[in-house]
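Below is one structure, written out as structure tokens, with a few remarks after it.
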Amino acid sequence: MKIAILGSGYVGLVVGTCFADTGNRVTCCDVDESKIARLRRGEVPIYEPGLEELLQRNVAEGRLFFSTDIAAAIQQAQVVFIAVGTPQDEDGSADLSHVLAVAETIGANMNNHKVVVLKSTVPVGTNRKVRDRIASKTKQAFDVVSNPEFLKEGAAIDDFTKPDRVVIGCESAHARTIMEELYAPFLRTGKPMLVMDPASAEMTKYAANAMLATRISFMNEMARICEAVGADVNQVRKGIGTDARIGFPFLFAGVGYGGSCFPKDVRALVSTAKEHGYTPHIVPAVEKVNEEQKHLLFQKVKRHFGDLKGKHFAVWGLAFKPKTDDMREAPSLVLIDELLRAGATVTAFDPEANKEARRILGDKVRFADHALAACDGADGLILVTEWSEFRHLDLDEIKARLRQKVLFDGRNIWDGERVRAQGFVYHGIGVR
């Protein structure tokens, strides 16, 4: 099948590459000429495990192409995916300007029947808006399908090729058949394709992210209560996670969520509800808890040291989560900003996000080439992102490098009793 992907960002590249890998002819388009040039050289502008190798193989085998000629890609395709960004507007709503502009471009270049698939995360009602924009530019027949993505950064290839489910919002038997054919290679293990109306498909994406964000904020609030009453949130997590109605995923206490999905989608859901006359209560509280949680590590540092002027800290982990270089709404940025404003200095290290962090922070902080080097001369070590390589500490080496033996564990990945036994002061989240 011939497919055009309009938007070669995170979602577009993963979707396009995975469809190409099952034998489709895919053209990924973007208006950014430098990005397309890099992709043609086999360079992936984002870090996602496994993506670069998969992309290069499908380019070499003649199934995956990159182009700035969006009109030609649309005209040659049977299926056109819209995968452009929906950034957050000033009022928290999703900015649909890019989506609607692309819809008009599709309509203007509609030379035969197309199935247009909305892959971008969009508020309820966008399917209809896209349909209207396309129709305003063409007399050709077409279908618009809502097909929200459920990709986790760091595991996107597996999430796409081994999905829990595929959600399709459509009102056409022809479009349903096309989508079933496209996704058949990924559903051979019996995972379902859930076909519903477009509004329900759009709402499913927001509801899923809001639920996952709620679990994170709920557990972070429990951690704050645990600290207040002298309980251990790790033990509490075991106590409630074994309840089959609750389960363990997304029940880790920490310094809050970030990234491109949860913060934006939670706010957009609140905005959408208000636009339709309902003021939600739970979802805004989820965001409020999360924003407060991002300040928690700094509060712990301040409580321990008092005046921070002249103090120097090592920060491990800058990306909002492991296995990505994504710094969008990362808790590390809040922490570093507060440390600098308090008069402290910072040396930071992240296995993948150093380059992106340097672009954002410039020369405000120093960047180390490896984790241990960041500790040299620091008054304390602060862990923000739980990369696997940070889990097993060389305590003797760290002790030799730090000026003061103080550890702040923002993800509860270290054994507090063990590190205290080695002479360190240990601060976790919601633990004794």
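Among the residues of the stretch 7-38, those that are under 21 Å from Ser260 (Cβ atoms) and in a loop (DSSP other than H, G, I, E, B) comprise Gly7, Ser8, Gly9, Asp30, Val31, Asp32. Residues that are without any contact (Cβ under 8 Å) to a residue 24 or more places away in the chain and crowded, with 18+ Cβ neighbours inside 10 Å within the stretch 52-89 comprise just one, Val59.
Are any of the residues in the stretch 355-376 buried (at least 20 other Cβ atoms within 10 Å of the Cβ), of a type in the set (D, E, K, R) and more than 24 Å from Arg420 (Cβ to Cβ)? Yes, the stretch 355-376 contains a residue that is buried (at least 20 other Cβ atoms within 10 Å of the Cβ), of a type in the set (D, E, K, R) and more than 24 Å from Arg420 (Cβ to Cβ).
Only one entry in Asp376, Asp394, Asp363 is without any contact (Cβ under 8 Å) to a residue 12 or more places away in the chain and either of a type in the set (D, E, K, R) or closer than 18 Å to Lys321 by Cα (or both), namely Asp363. The test for being out of contact with any helix residue (DSSP H, G or I) (no Cβ under 9 Å at 6 or more places or on another chain), within 23 Å of Arg303 (Cβ to Cβ) and not aliphatic (A, V, I, L, M) does not hold for Arg391. Look at the stretch 152-167: where a residue is free of Cβ contacts under 8 Å to residues at least 24 places away in the same chain and a partner is part of a loop (DSSP other than H, G, I, E, B), sitting 6+ places away or on another chain with Cβ atoms under 8 Å, you get Asp159/Phe150; Asp159/Leu151; Asp159/Lys152.
Within the stretch 315-346, can you find the residues that are hydroxyl-bearing (Ser, Thr, Tyr) and surrounded by fewer than 19 Cβ atoms within 10 Å (Cβ to Cβ)? Even if it seems obvious, please write down each step before you answer.
Residues of the stretch 315-346 hydroxyl-bearing (Ser, Thr, Tyr): 324, 332, 345.
Listed by number, the list holds a single entry, Thr345.
In the stretch 200-212 there is at least one residue that is charged (D, E, K, R) and surrounded by 17 or more Cβ atoms within 10 Å (Cβ to Cβ). Being part of a loop (DSSP other than H, G, I, E, B) and within 23 Å of His295 (Cβ to Cβ) is the filter here; which residues of the stretch 399-432 pass it? Scanning the stretch 399-432 gives Gln404, Gly410, Arg411, Asn412, Ile413, Trp414, Gly428, Ile429, Gly430, Val431, Arg432.
Would the stretch 313-321 turn up any residue that is in a helix (DSSP H, G or I), more than 19 Å from Ala368 (Cβ to Cβ) and charged (D, E, K, R)?
The initial filter retains those residues of the stretch 313-321 that are in a helix (DSSP H, G or I), namely none.
Checked the stretch 313-321: no residue is in a helix (DSSP H, G or I), more than 19 Å from Ala368 (Cβ to Cβ) and charged (D, E, K, R).
Being under 11 Å from Ala4 (Cβ atoms) and either in a loop (DSSP other than H, G, I, E, B) or polar (S, T, N, Q) (or both) is the requirement here; does Gln56 meet it? Answer is no for this residue. Determine, yes or no, whether Lys264 is over 28 Å from Arg432 (Cβ atoms), outside the structural domain of Ala94 (by TED's automatic domain parsing) and free of Cβ contacts under 8 Å to residues at least 12 places away in the same chain. Considered against the rule, which asks whether it is over 28 Å from Arg432 (Cβ atoms), outside the structural domain of Ala94 (by TED's automatic domain parsing) and free of Cβ contacts under 8 Å to residues at least 12 places away in the same chain, Lys264 comes out as no. When the stretch 377-398 is filtered for residues that are surrounded by fewer than 17 Cβ atoms within 10 Å (Cβ to Cβ) and assigned to a helix (DSSP H, G or I), the ones remaining, listed by number, are Ser388, Glu389, Asp396, Glu397. Against the test of being outside any helix (DSSP H, G or I), over 19 Å from the mean Cα position of the chain (by Cα) and either at pLDDT below 95 or farther than 30 Å from Pro87 by Cα (or both), the options Ala228, Ala244 yield a single qualifying residue, Ala244. How many of the residues making up the stretch 340-373 are more than 25 Å from the chain's Cα centre (by Cα), under 18 Å from Leu297 (Cα atoms) and either of a type outside the set (Ser, Thr, Tyr) or part of a loop (DSSP other than H, G, I, E, B) (or both)? Within the stretch 340-373, residues that are more than 25 Å from the chain's Cα centre (by Cα), under 18 Å from Leu297 (Cα atoms) and either of a type outside the set (Ser, Thr, Tyr) or part of a loop (DSSP other than H, G, I, E, B) (or both) number 6. Count of the stretch 277-306 residues, restricted to those that are in contact (Cβ under 8 Å) with a residue 12 or more places away in the chain and not in a helix (DSSP H, G or I), is 2.
The values are calculated or read from the model by the stated rules, or taken from the named source; none is laboratory data. Just so we're clear, the structure is a prediction, and the values are computed from it rather than from any experiment. Neighbour counts run over all protein chains shown; Cβ positions are idealised from the backbone, glycine included.
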